[in-house]
Structure formats: structure tokens, C-alpha cells
Amino acid sequence: MADVAASGPATRHDVTPDAPARRTALPRPGTGAPAALATAAAPAAQATPAAASVALVSEAPAEIAPADRPPLPFTRTVWPGHAARAFEQQRRSGAKVTRPEPQRIGPFTKGQWAGAVIVAGFGLLVAAGLAVAFVRWLNSLPFMADFLTAFPGEYHLPEGAPVGFQGWLGWQHFFNVFLMVLIIRSGLTIRTEKRPTAFWTPRGDAKGKVSLTIWFHQSLDILWLVNGVVFVVMLFVTGQWMRVIPTSWEVFPNALSAVLQYISLDWPTENGWVNYNSLQQIAYFTTIFIAAPLAAITGYRMSGLWPKNAKALNKAYPIEWARAVHFPVMIYFVLFIIVHVALVFATGALRNLNHMYAAQGSVDGVQYADNWAGFWIFIASLVVIAGGWIAARPLVLAPIARLFGTVSSR
């Protein structure tokens, strides 16, 4: 009892005499610490319980093993994803750790593109609203009211100008749209195609081998040019040229008037069966007689039909010029088609479709606005165009290309 009382506060660490001494710290390698610890532990085990407890308390605290660490105070609920798990496996394997690059479309990721589209769309919406408010205020001023009265948006055509559309215009319009859609599709494929799946070689010219997509694009270009030549010839033969080629300087103030009326949402009167407004006339003239020839000239310069050994000609007309012009012209055609289709539906869809596809307008002043013939012909044309879009693949194109050359996989 005297021994226990002398231990004082150490009595709460009492151990039984038979309990073995516990090792609480790991020795440093290369030293005599294991023997010393064993030697020190033996007397402690043989001493009184109080002395043993004092010896245990005086030793260094034990290092907590990873398995004995307390759990996290929260539960992981976030799924790391495939990229994070692959990154962790790469780190554990000892390989050089590289963060996975996000998938990009051009210079931006999908999220960046989405953000840019949202911001740009909101900005355009605000700008459009401000433009409408400003132009409506401008048109309400007295001098602008006089201007719109003097120039309503169109001028009178020359005497003898035809009225209405003939059947050949409807067919030409369909062929033109069909070929242009496939030309744009194949052109974009050429710009993004890294490794062609098939090649076409003309007979007797092994050096003229090109990808099957380029052959398809150039073949469509030739058909489009033939269709365009027929269209222009028929314009002058039938007198329809007076509807798409300006014949008076009044076209410019009337075009400005039409622009202001469109922006103010108080659109000019639509009477395309008799006469286009001046803005339409300028747009059609630009498309037929400026954009189309530019597309043809630049496309011919970049095609395999261009003479490669004509040094003087190549120097006078570098291919870099053609490439710099050809793609913006394609963008113009895309924008023209979008705006053209939007206005066709916004300014009287049934009437306009009857004009373009059914060659029906008015007889004795009676409009065929409720006739659905043009609409159903338009729907049928969309089905044909969609079929051509789907069929424009090597499986379908290769048998046709073999009629004019050799198709190979390399």
C-alpha cells in the first residue's frame, strides 16, 4: 500500500502486474534502440504496477497508422467522372501526370461556345430592339415621311417587262437550290476532312488524283454552272432580266426606303408577281451577276482543271487570292439563303411559294393566296434535297465516280 500511495497521481494509469509492456514508438534504423527498448521494458514489467505505468507514460506518444485515422466528417457525394479517374490512375502508376485537354470545336470548348452564343444572342436582341425603336422614331419625322412617300421601296419597270413567272423559272429555282445545298455541304466537308476515305483518279492522268469529296464538289460545280448559264440565257430571252437588273438610278433611294421599312417592322407592300422591291432587286442582281461568277472563277482556280504549268497565269492570279475570296462567297450564299427563306415565309408563305414553285400568281386581279399547290411542291423539293444530302456519301458516290475514272481507298 505504501508503494501505491507513493505513486500519487499515477494511480489512474494502473496496470496489472501480469500485463506485458506495450511498445509505443518505432526505433530508428541503424541504432541500438531495439535492444535498449527491450532492456528498459523488462524492468518496467517486473516493477510495481505504479512504476510500470509511469514508465509507459514517459515514453513518446504512438504515431497513428493510416488505418487508425478517424473518418472524414463528411461523405463524398461528387462523382469524379471518367477524366478524373483516369488522371488518378495515371498519377498512382508513377507516369508523368498530364491534365486531360478539354474537347474543343475550333478555338473554344463546347461550354465557351455556348456562352458566346448566349451572350451574342442577347446582344443582338438588344441591338435589334434599339434599332427598331430608333428607325420608327426616325420615320415619324416630317422629312422622312416625305422621303418614304417619294420612294415607297420600288420603281416602275420599263415598258414590256413580263408579269408573273413562267414554269421554267420554277424548275431552275429548284435545281439551283438543290445543287447549292450539296455544294455547300461538300465544300464544308473538304475544309474539315483530315483523311479522305476514298480517292478518285481520272483515266489517263494518275497525277490528277483527288479525294472523292473534291471530285463530288467539282462535279456539282460544273452542273451548277451549266444550270446558271441556262438560267441567264432564259432571263434575256424572256425579258425576265428587267426584274432582277436595275434599270433606273431610283433603285438606290428605293432600296434605302425598303431597308428602313424592314427595320421598323412596317414592311413594304409585297407584290413579287409583278415587281420586286428595290432591295430585293439589288440582292438578286448581286447574287446572280457578282457572287455566282466570283464563286465560279475562284473555284476554277483551285480545281484540278486549272493549268498547273502556266507560270505567268499562276503569277497573275495566285491561288491564295482565290482561297481568300472563295470561302467568304460561300458564307454570302448561306446568309442569302437564310434571309431569303425567312422573308418568303414572313411576307406571305402560300402566295410566295405559289409564285416560285407553281408559277401561279393572279388572274384578273384575283390572288391565289389560298392555293396550297406551291406549298406541297416545296415540301416535295425539300424531300428530294434531304435525300441528296443523305446520299452524298462514299457508298453512293463511288459507283457514280467509277463511270468517269478510278476510285481507290488510297
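The values are calculated or read from the model by the stated rules, or taken from the named source; none is laboratory data. Values in this document were obtained by computation on a predicted structure and should not be read as measured data. All Cβ positions, glycine included, derive from the backbone under ideal geometry; neighbour counts span all protein chains shown.
Would you say Arg323 is in contact (Cβ under 8 Å) with a residue 12 or more places away in the chain, assigned to a loop (DSSP other than H, G, I, E, B) and either over 22 Å from Pro268 (Cα atoms) or not assigned by TED's automatic domain parsing to the domain that holds Pro196 (or both)? Judged against the criteria, Arg323 is not a match.
The condition of being surrounded by 17 or more Cβ atoms within 10 Å (Cβ to Cβ) and at pLDDT below 90 does not hold for Phe178.
Examine segment 206-224 for a residue that is crowded, with 17+ Cβ neighbours inside 10 Å, aromatic (Phe, Trp, Tyr), out of contact with any Ser or Thr (no Cβ under 7 Å at 6 or more places or on another chain) and touching a residue at least 12 places away in the same chain (Cβ under 8 Å), and state whether such a residue exists. Yes, segment 206-224 has at least one match.
Every residue, every condition in (1) over 18 Å from Trp267 (Cα atoms); (2) at pLDDT below 85, yes or no:
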site: Leu335; (1), (2): yes, no
site: Val341; (1), (2): no, no
site: Leu353; (1), (2): yes, no
site: Val363; (1), (2): yes, yes
site: Asn371; (1), (2): yes, yes
site: Gly374; (1), (2): yes, no
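Scanning segment 197-229 for residues that are in contact with a helix residue (DSSP H, G or I) (Cβ under 7 Å, 6 or more places away or on another chain), under 30 Å from Asn275 (Cα atoms) and among the hydrophobic types (A, V, I, L, M, F, W, C) turns up Leu223, Trp224, Leu225.
Between Leu279, Leu294, Leu260, Leu265, the distinction of being part of a loop (DSSP other than H, G, I, E, B), of a type outside the set (Val, Ile, Thr) and either assigned by TED's automatic domain parsing to the domain that holds Tyr155 or buried (at least 16 other Cβ atoms within 10 Å of the Cβ) (or both) belongs to Leu265 only.
Under 24 Å from Val132 (Cβ atoms) and touching a residue at least 40 places away in the same chain (Cβ under 8 Å), is that true of Ser278? For Ser278, the condition - under 24 Å from Val132 (Cβ atoms) and touching a residue at least 40 places away in the same chain (Cβ under 8 Å) - is met.
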